[in-house]
1. Looking at the stretch 162-200, which of its residues are closer than 18 Å to residue 111 by Cβ and out of contact with any helix residue (DSSP H, G or I) (no Cβ under 9 Å at 6 or more places or on another chain)?
2. Please work out which one of (1) buried (at least 16 other Cβ atoms within 10 Å of the Cβ); (2) part of a strand (DSSP E or B) is the condition residue 176 fails and give its number.
3. For the stretch 100-151, which positions are closer than 16 Å to residue 167 by Cα, of a type in the set (A, V, I, L, M) and part of a helix (DSSP H, G or I)?
4. Residues in the stretch 159-166: is at least one part of a helix (DSSP H, G or I), surrounded by 15 or more Cβ atoms within 10 Å (Cβ to Cβ) and not polar (S, T, N, Q)?
5. So residue 140 fits all but one of (1) buried (at least 16 other Cβ atoms within 10 Å of the Cβ); (2) within 28 Å of residue 35 (Cα to Cα); (3) modelled with pLDDT under 90; what number is the exception?
6. Select from the stretch 71-94 the residues that are closer than 21 Å to residue 162 by Cβ and surrounded by fewer than 18 Cβ atoms within 10 Å (Cβ to Cβ) and write down the one among them that is modelled with the highest pLDDT.
7. Look at residue 255 and say whether it is farther than 19 Å from residue 88 by Cα and surrounded by 10 or more Cβ atoms within 10 Å (Cβ to Cβ).
8. Select, from 205, 190, the only residue that is in contact with a strand residue (DSSP E or B) (Cβ under 8 Å, 6 or more places away or on another chain) and more than 14 Å from residue 239 (Cα to Cα).
Amino acid sequence: MQTTESLKRKIKSADDLQSVVKTMKALAAVSIRQYQRAVESLLDYNKAVEMGLQVALKYRREAFVPASSVPVQRIGAIVFGSDQGLCGPLNEHIAAHAVSEMSALGVSCENRVLMTLGMRVNSHLEDAGQHIVESLPMPGSVAGITPMVQDMVLVLEEWHFRHKIEHIYLYYNEYISGASYRVHTQHLLPVDRFWLANLEHRKWPSHILPIYTMEWSALFRSLIREYLFVSLFRAFAESLASENASRLASMQNAERNIEERLQELHGQFHRQRQMTITEELLDIVAGFEAMKGKSKEGGQKSWEKKKDFASSVPGENIARSALP
């Protein structure tokens, strides 16, 4: 049976763990808001890129005609996971989603070039039989996203020109709200011609169409690079927000479990304390009863001695008067 001292130590350990969980929960909530603001800041930037593409496409003589679908033979895949733990099944879910989506494309494992962001997703992909070409760490803050995106753009260019990879997919978790997120797939390259055609025919918000002076192909390539930057930045920010959302959910579950454990420990402590107090009271009562019994026995013996003494004195009246 556990003693009150051991229960006190367990309660203190649970209280310390609860304070750590509450701190991590607060940090996760703050981080979610940080990355959410980063995603929101992309809206205006993305709108500016789309308007630039719209102007460039309207000045192009030949309109973009959606091409017929061509079977995908070789793909490049970028899977966004996490480097930190305590984020629940986030890495497992995105790895399973990426493998399922790539299998649905009908591309064999030999024709898949995989890059991962975050080391913890690697084991799940490798268990599924996927070969990872390169693995990079996830940035630890919003400020670290931009340098990572710039490096990723260079990697994509190398894939395109050196490895002849035309189709590139992004697999990441998309933040919804609170502590919820969902898996998401984006076909990054080649750029969707239906989307470009819709941009070309979209109505301009004013009566005057802007003009530009640089060469059209250079302008179009620059705008596509900005489109890649926005897409990759959003993937990083959404994935990091989802990671913290998953961690927030895990910390909420941990906090609930700790509270239940604390209630159980407090109940055990109060019961054990009550049992200890009851045993001490019983010991006191037993001791009191024992002392009381000895006192009565001593009084009886004293009375018998007095009686014997009185009977030994001559004269009955004197003996009676001596007795109490």
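The values are calculated or read from the model by the stated rules, or taken from the named source; none is laboratory data. What you are looking at is a predicted structure, and each value in this text was computed from that prediction instead of being measured. Cβ: placed from backbone, ideal geometry, glycine included. Neighbour counts: every protein chain shown.
1. Within the stretch 162-200, 162, 163, 164, 167, 187, 190 qualify.
2. (1)
3. Result: 102, 104.
4. yes
5. Exception for residue 140: condition (1).
6. 74
7. no
8. The match here is 190.
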